[in-house]
Amino acid sequence: MSAAFLNLQEFNKHLKIINTHCHHLPDIEHQHIGLDFILNKSYVSWCKVDYGDTFDKKSEFLRLVRFNAYFHWLEKALCELCGISQNLTAENWSIFDEKIQQLHQNENYHLEILQDRCGYEKVILDPYWNPGSDEGHPGFFTPTYRINMFLYGFNTQAQDHNGNNPYTVYGWESSLTFDEYLAKMKEQIKEHIQSGCVAMKSALAYDRGLDFCETDKEKAKRGFLNPNANAEDIKAFQDYVFFEICNIAAEYNVPLQCHTGLGKLEKSNAMQMQEVIEKNPQTRFVLFHGSYPWIQDLCALIHNYPNVYADICWLPIISGNACETLLKELIEVGTTDRITWGCDTWTSEESFGALLAAKQVVAKVFAEYIDNFYLSLVDAQEFNRQIFYENAKNLYFKS
């Protein structure tokens, strides 16, 4: 590794960090946990490889996932946190498990990892199971408000992918007019912003395509509480509601965080949002995950629209190579103030691994630019500080 890389790695160890996206589970779920829990609540489980309860199954599991990025960074975090120098094997599986259980006997251990080992000053929390909650830690967790459910109010039985519907979550009457529905939605969002939410969050790429189109109100009404509504009517309702949410975000000056890329895959690439971005220039759109695997979509939008921000959350543990490519292009086509990072994890252990991955990606990319005389070490250090702290502070916490 080059001297520039080593210098940046050391520099980044001491950075304050604002983690812009996290699904950290409630306190009670972090008590009395072991290796199985951490694996099951990690992206490693998305590999859909069963580790079973026998030595042979664990050996086969490790053989199959060993070089997957999700596993690599979680394993690296566990080794460092547990003080174990060997990689996880079927032979030492129980040693890791017992050490994790021992550490979590301290009920605050999960927070100590985030605060002391990761160095997070603040974490923007997306608790989709309890939208808008800070999970009892208002000084540390700052919520974003998940808005998916409002696009599923076209009837009282519809649900977003997390099972939420505003009629059931908030006890709304099923006799609302469309205008009353929109007013209640705005009031609910306003209340959450006033109570401390610093952003709104769309994870709609897990529910539908991101091709939000401007539509007239009368057409949208046909999709609302109409038993004869067809798919076109429902999409018109959803598109209209999303445009209203964009207006609310602009009115209250809060960013709109948007999941892009991996999800349902069909129409989940960031370029699907071009129309809604262009027609809402006062709304700040924070596009998550680099639109992976369609990373050039995000670069094009960053280039053309000053109201678009890139959050590289999750991407370093999906594919470090893809994240390096994206970051290089963002450096060259964007501005220094529009890149942020978040862990996008459920447990502290995986959050630590995600941070290790992100720091490695960022250090590698900027070291290459230093070695190629594109920027100086001082420039790189300042840009690194912006990615991990300053940009998020200015985007979400600027008074």
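Among the residues of the stretch 179-198, what is the count of those that are over 26 Å from Gly136 (Cβ atoms) and either surrounded by 19 or more Cβ atoms within 10 Å (Cβ to Cβ) or at pLDDT below 95 (or both)?
Final tally of qualifying residues: 3.
Which members of the stretch 123-150 meet the condition of being buried (at least 22 other Cβ atoms within 10 Å of the Cβ) and of a type in the set (Val, Ile, Thr)?
Those that are buried (at least 22 other Cβ atoms within 10 Å of the Cβ) and of a type in the set (Val, Ile, Thr): Val123, Ile124, Thr144, Ile147.
Yes/no per residue for (1) part of a helix (DSSP H, G or I); (2) farther than 22 Å from Gln257 by Cα:
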position: Asp344; (1), (2): no, no
position: Ala363; (1), (2): yes, yes
position: Ile370; (1), (2): yes, yes
position: Phe373; (1), (2): no, yes
position: Ile387; (1), (2): yes, no
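Looking at (1) under 25 Å from Glu80 (Cβ atoms); (2) of a type in the set (D, E, K, R); (3) out of contact with any helix residue (DSSP H, G or I) (no Cβ under 6 Å at 6 or more places or on another chain), which is the one condition that is false for Asp379?
Result: Asp379 fails condition (1) only.
Scan the stretch 100-149 residue by residue and report those that are over 25 Å from Ile189 (Cα atoms), in contact with a helix residue (DSSP H, G or I) (Cβ under 7 Å, 6 or more places away or on another chain) and part of a helix (DSSP H, G or I).
Of everything in the stretch 100-149, those that are over 25 Å from Ile189 (Cα atoms), in contact with a helix residue (DSSP H, G or I) (Cβ under 7 Å, 6 or more places away or on another chain) and part of a helix (DSSP H, G or I) turn out to be Ile100, Leu103, Tyr109, His110, Ile113, Leu114, Arg117.
Scan the stretch 69-88 for residues that are closer than 12 Å to Leu35 by Cβ and of a type outside the set (A, V, I, L, M, F, W, C) and report the count.
Qualifying residue count, the stretch 69-88: 1.
Could you figure out which of (1) within 30 Å of Ala392 (Cα to Cα); (2) of a type outside the set (A, V, I, L, M); (3) free of Cβ contacts under 8 Å to residues at least 24 places away in the same chain isn't true of Cys118?
(3)
In the stretch 297-318, what count of residues is obtained for those that are surrounded by fewer than 19 Cβ atoms within 10 Å (Cβ to Cβ) and either touching a residue at least 40 places away in the same chain (Cβ under 8 Å) or touching a Phe, Trp or Tyr at 6+ places or on another chain (Cβ under 7 Å) (or both)?
Total satisfying the criteria: 1.
Kindly indicate which of Phe373, Phe285 is surrounded by fewer than 24 Cβ atoms within 10 Å (Cβ to Cβ), of a type in the set (Phe, Trp, Tyr) and in contact with a Cys (Cβ under 7 Å, 6 or more places away or on another chain).
Result of the check over Phe373, Phe285: Phe285.
Out of (1) under 26 Å from Ala300 (Cβ atoms); (2) out of contact with any His (no Cβ under 9 Å at 6 or more places or on another chain), the odd one out for Val333 is which?
Unmet condition: (2).
Which one is surrounded by the most Cβ atoms within 10 Å (Cβ to Cβ) among residues in the stretch 228-278 that are of a type in the set (Phe, Trp, Tyr) and closer than 30 Å to Asn394 by Cβ?
Among those residues, the one meeting the criterion is Phe242.
Just checking, how many residues over the stretch 213-264 are under 19 Å from Leu301 (Cβ atoms), part of a loop (DSSP other than H, G, I, E, B) and modelled with pLDDT of 95 or more?
6
Could you please let me know if Leu225 is surrounded by 17 or more Cβ atoms within 10 Å (Cβ to Cβ) and in contact with a strand residue (DSSP E or B) (Cβ under 6 Å, 6 or more places away or on another chain)?
no
Determine whether the stretch 176-190 contains at least one residue that is within 28 Å of Met271 (Cα to Cα) and either in a loop (DSSP other than H, G, I, E, B) or β-branched (Val, Ile, Thr) (or both).
For the stretch 176-190, residues within 28 Å of Met271 (Cα to Cα) and either in a loop (DSSP other than H, G, I, E, B) or β-branched (Val, Ile, Thr) (or both): present.
Where in the stretch 1-94 are there helices (runs of 4 or more DSSP H), lying fully within it, with 3 or more residues that are surrounded by fewer than 16 Cβ atoms within 10 Å (Cβ to Cβ)?
Answer list for the stretch 1-94: 3-13, 55-65.
The values are calculated or read from the model by the stated rules, or taken from the named source; none is laboratory data. These numbers were taken from a predicted model, which means no experiment stands behind them. We place every Cβ from the backbone using ideal geometry, glycine too, and count neighbours over all the protein chains shown.
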